[in-house]
1. Quick one: which strands (runs of 3 or more DSSP E) sit completely within region 1-90 and have at least 2 residues that are more than 30 Å from S246 (Cβ to Cβ) and in contact (Cβ under 8 Å) with a residue 12 or more places away in the chain?
2. Out of region 393-412, which residues are of a type in the set (A, V, I, L, M, F, W, C) and closer than 14 Å to P362 by Cβ?
3. Sort through Y442, Y470 and tell me the only one that's out of contact with any Ser or Thr (no Cβ under 7 Å at 6 or more places or on another chain), closer than 21 Å to T153 by Cβ and among the hydroxyl-bearing types (S, T, Y).
4. Could you please find all residues in region 240-291 being in contact with a Phe, Trp or Tyr (Cβ under 7 Å, 6 or more places away or on another chain) and assigned to a loop (DSSP other than H, G, I, E, B)?
5. At least 2 residues that are over 23 Å from the mean Cα position of the chain (by Cα), more than 30 Å from L110 (Cα to Cα) and of a type in the set (S, T, Y) in each: list the strands (runs of 3 or more DSSP E) lying fully within region 122-223 that qualify.
6. I need the full set of residues from region 170-181 which are of a type in the set (D, E, K, R) and at positive phi, in order please.
Amino acid sequence: MASHHFDVLIVGSGLAGLSAAMHLAPTHRVAVLTKRQLGDGSSGWAQGGIAAVLAEGDSFDAHVDDTLVAGAGLSDPAATRFVVEHAPQSIAWLRELGVPFSQEDGHLHLTREGGHSARRIVHVTDATGAAVQQALIAHVRRTPNITLFENHTLVDLITHEQVGAAGRRCVGLYALDEATDEVLTFSAPQTILATGGAGKVYLYTSNPDTATGDGIAAAWRAGCRVQNMEFIQFHPTCLYHPHAKSFLITEAVRGEGGRLLLPPSKGGTRFMPQHDARAELAPRDVVARAIDFEMKKHGLDCVLLDISHQPLAFILEHFPNIHARCLELGIDISKQPIPVVPAAHYTCGGVRTDLAGRTDLPGLYAVGEVACTGLHGANRLASNSLVECMVFARAAAQAIQQAPGAAVPALPAWDDSRVTDADECVVISHNWDELRRFMWDYVGIVRTNKRLERAAHRIALLQSEIHEFYGLFHVTRDLLELRNLVQVAELIVRSAQSRHESRGLHFSRDYPQLAEPAQPTILAPRP
């Protein structure tokens with residue numbers, strides 16, 4: 001079995017992981033592991049943009065206040081101010097790397113999204129994530145000291161306990177190399193998890209297939225606490241079409257005047273003003289619940305998002321990719337509304353960290369959607385995610401550069417004496433489908449105690465099956481992802497059951513009121 005040693009291991013190749021790699025490369029030998037290709041994570045799918053205070057009349061205080069309001073009392077003020085005040089530096093860094101942000105009259109064009117009190121969203125038309133990732137990937141591929149391991153899936157972290165060493169520390173990881181179908185050992189004194197969120201735990205999601213909660217589950221198994229896992233953000237507007245899997249309609253469409261309507265068969269009327277004074281510009285949790293309410297009230301499969309009152313030239317300038325994709329499916333958004341539904345979009349909770357990305361386990365950091373820094377609280381403000389990735393990637397890199405050296409003991413090779421079972425694939429496929437369906441039905445936008453109990457019961461049954469498979473059979477990416485998704489599902493349900501109120505993204509019919517003071521949900525693994 002092959003073994004690799006580096007100064008820093010980074011798991012994940014989205015904006016958080018690649019930013020950290022770029023900051024560390026001048027001083028450390030860095031390995032970046034990603035379970036598919038470099039550009040296959042969620043970062044490249046981000047449409048709207050990156051929030052930063054850059055306009056005259058805007059202020060750090062205003063951005064902080066907007067974030068705290070959206071976070072429904074649970075955002076950490078120190079973490080929020082830390083991100084907001086470092087956001088302009090992150091935009092400047094991306095511009096130095098050559099990201100072609102949209103301009104207007106020689107200045108950055110700033111758009112506005114739901115929950116923001118000012119125009120502060122820097123963007124590259126409606127494909128910001130893709131443009132940022134393309135620039136970063138090009139730089140990473142030609143940067144010395146960064147070694148890339150594509151198609152390598154995280155199996156588990158390795159800690160001192162597993163190698164019989166004293167103290168608690170992360171000293172490496174096991175990863176499945178899909179090209180050779182063998183599990184490799186990677187050792188390093190420092191490891192950064194940048195594995196993204198867990199949207200694939202739900203049947204309908206805007207996330208790519210890679211969003212299976214790998215880092216959250218691995219950190220939990222290694223002894224790290226998780227925080228606020230009940231707060232799953234459902235993006236209000238995912239394109240509803242049988243041939244459009246996971247295609248998001250950016251928040252900026254509503255920011256530029258898009259209106260949510262009932263279908264003509266139900267009057268074709270606008271409904272958001274009846275739910276919130278901010279109408280279509282309300283935070284995502286409010287809009288998602290309003291759409292869910294109208295769909296259930298009228299028995300609808302979707303609602304409509306109409307931007308057709310804007311001129312074609314405006315639509316082509318601001319939303320060229322959405323226009324082109326919808327046109328491929330027979331929808332001309334300059335003349336007709338877009339059918340949309342809510343879909344699981346962002347994991348606001350995650351592995352608990354400090355302001356340098358440190359987890360509870362020495363030598364282990366978490367950055368990006370895998371982490372819970374305290375920024376998002378009970379609901380993420382639009383376009384705060386990409387900037388969080390960059391700010392904490394830089395902070396984690398600086399902490400690692402200042403950390404004293406740590407010796408890494410010899411690590412054991414993976415025990416691969418297991419067999420491959422002929423029935424394994426069909427069982428994994430069935431369990432994967434069952435999990436995502438009952439999580440959507442029981443742990444979705446609106447929750448009840450009874451639904452959560454049903455979900456917890458089914459999760460326990462799945463966990464016993466998966467534990468048996470993992471212990472007996474040769475690991476595959478599908479098995480590893482299912483194992484992680486079921487673990488994350490358990491953490492979501494346990495967190496939801498422990499919150500006896502409705503706050504932000506967690507809405508319970510049994511506890512419809514707010515409870516004060518606001519408290520984070522923190523779960524700790526058994527020792």
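1. Working: elements: 3-5, 8-11, 30-34.
By residue number, 3-5.
2. Taking region 393-412 as the starting set, the residues that turn out to be of a type in the set (A, V, I, L, M, F, W, C) are 393, 395-397, 399-400, 403, 406-408, 410-411.
Those that are of a type in the set (A, V, I, L, M, F, W, C) and closer than 14 Å to P362 by Cβ: A396, A399, I400, A403, A406, A407, V408.
3. On the way: Y442 fails: closer than 21 Å to T153 by Cβ.
Sole residue among the options that is out of contact with any Ser or Thr (no Cβ under 7 Å at 6 or more places or on another chain), closer than 21 Å to T153 by Cβ and among the hydroxyl-bearing types (S, T, Y): Y470.
4. L262
5. On the way: elements: 146-150, 152-159, 170-177, 182-187, 190-193.
Those strands (runs of 3 or more DSSP E) span 182-187.
6. We begin by selecting, within region 170-181, every residue of a type in the set (D, E, K, R); these are 177-178, 181.
D181 - this is the single residue of region 170-181 that is of a type in the set (D, E, K, R) and at positive phi.
Every residue, every condition in (1) β-branched (V, I, T); (2) without any contact (Cβ under 8 Å) to a residue 60 or more places away in the chain; (3) open to solvent by 10 Å² or more (accessible area, probe 1.4 Å), yes or no:
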| residue | (1), (2), (3) |
| --- | --- |
| T373 | yes, no, yes |
| G377 | no, no, no |
| P404 | no, yes, yes |
| E434 | no, yes, yes |
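Residues checked against (1) within 27 Å of R358 (Cα to Cα); (2) open to solvent by less than 30 Å² (accessible area, probe 1.4 Å); (3) at pLDDT below 95:
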site: V99; (1), (2), (3): no, yes, no
site: T147; (1), (2), (3): yes, no, no
site: L154; (1), (2), (3): yes, yes, no
site: G164; (1), (2), (3): yes, no, yes
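The values are calculated or read from the model by the stated rules, or taken from the named source; none is laboratory data. Keep in mind the model is a prediction, meaning the values are calculated, not measured. Because the Cβ atoms are built from the backbone with ideal geometry, glycine has one as well, and the counts that use them run over all protein chains shown. Only protein heavy atoms, including side chains, enter the accessible area calculation; ligands, DNA and RNA are left aside. Shrake-Rupley method; radii C 1.70, N 1.55, O 1.52, S 1.80 Å.
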